[in-house]
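The values are calculated or read from the model by the stated rules, or taken from the named source; none is laboratory data. These numbers come from a predicted model, not from an experiment. Every residue, glycine among them, receives a Cβ derived from its backbone with ideal geometry; neighbour counts consider all protein chains shown.
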């Protein structure tokens with residue numbers, strides 16, 4: 001019983017201090033950690049719109065550490081991809097789309113996600129066998145009235161996302 005009271009007290013104290021959310025917690029991935037060489041379902045969590053305005057588009061820049069990217073369609077949204085159309089010789093760096101073209105960007109547009117609601121956007125990709133430390137995935141969030149939030153900042157080597165105003169969401173790479 002004493003342990004339960006201690007736990008409850010600690011929880012109340014934490015709640016009273018307010019949310020201690022780092023800047024990187026705005027847009028996040030469901031995955032916190034990935035393994036090199038693994039094919040992973042990446043679930044991008046979008047908690048709200050831009051300064052109270054509804055989200056109308058989400059663009060994801062696929063970093064070089066992610067290969068074989070393949071987006072999941074989302075009802076009510078138009079899905080588009082941008083490729084580099086360069087043919088790759090290595091099986092690890094060749095994406096499974098359009099005769100070996102590498103997907104560089106995925107976008108969902110035309111839908112409406114009101115600021116009061118939360119949603120998820122999904123793609124799958126293979127983590128490069130040479131990926132190390134963390135993978136940062138720049139995101140651009142487009143909202144009604146031409147408002148845009150660019151979650152594209154990547155910390156310098158050894159830096160932390162908490163120091164950034166618009167940090168790109170990231171996942172840790174297992175050693």
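The criterion of at least 3 residues that are touching a strand residue (DSSP E or B) at 6+ places or on another chain (Cβ under 9 Å) and touching a residue at least 60 places away in the same chain (Cβ under 8 Å) is met by the following strands (runs of 3 or more DSSP E) wholly inside region 108-175: 119-127, 139-143, 148-151, 170-173.
Residue by residue, here is whether (1) surrounded by fewer than 16 Cβ atoms within 10 Å (Cβ to Cβ); (2) closer than 29 Å to residue 37 by Cα; (3) at pLDDT below 90 holds:
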position	(1), (2), (3)
132	yes, yes, yes
137	no, yes, no
153	no, yes, no
156	yes, yes, yes
159	yes, yes, yes
170	no, yes, no
174	yes, yes, no
